[in-house]
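The values are calculated or read from the model by the stated rules, or taken from the named source; none is laboratory data. Quick caveat: nothing in here was measured; it's all calculated off a predicted structure. Every residue, glycine as well, gets a Cβ built from its backbone with ideal geometry; the counts of neighbours run over all protein chains shown. Just the protein is used for accessible areas: all its heavy atoms, side chains included, with ligands, DNA and RNA removed. Shrake-Rupley method; radii C 1.70, N 1.55, O 1.52, S 1.80 Å.
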Amino acid sequence: MPSHPQKPWFAPKRYGYGAGMPIAWQGWALLALFFAILTLANIFLDHAARTAAILAAAVLLSVVAAFKTDGGWRWRWGERE
């Protein structure tokens, strides 16, 4: 069975730790979902539920971005790879 390499959704940051901008439609869709959750939580939820929803969305975004970033998350000093 042929192996299909996973394409990254996010570019790595050039400096520092973490993910940069989305580079695939899936990354943009995830970012749009995150902002939709933030907006809807602010409109419809009370303070405690809003805090929980925003925290859950931020954790979800961070975990998915960590796994879908080209080269993973590590500290970078600006060198091109």
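Number of residues in the stretch 37-46 that are of a type in the set (S, T, N, Q) and part of a loop (DSSP other than H, G, I, E, B) equals 0.
Consider the stretch 6-46 and keep the residues that are at pLDDT below 95 and open to solvent by 100 Å² or more (accessible area, probe 1.4 Å). The one that is farthest from Trp77 (Cα to Cα) is Gln6. For Trp77, the test of being loosely packed, with under 14 Cβ neighbours inside 10 Å, of a type in the set (A, V, I, L, M, F, W, C) and more than 13 Å from the chain's Cα centre (by Cα) is passed.
Look at the stretch 63-81: where a residue is hydroxyl-bearing (Ser, Thr, Tyr) and in a helix (DSSP H, G or I), no partner that is modelled with pLDDT of 85 or more and surrounded by 10 or more Cβ atoms within 10 Å (Cβ to Cβ) sits 6+ places away or on another chain with Cβ atoms under 9 Å. Filtered by the rule that a residue be within 30 Å of Arg14 (Cα to Cα) and either in a loop (DSSP other than H, G, I, E, B) or open to solvent by 50 Å² or more (accessible area, probe 1.4 Å) (or both), the stretch 47-62 gives Ile54, Leu55, Ala56, Val59, Leu60, Ser62.
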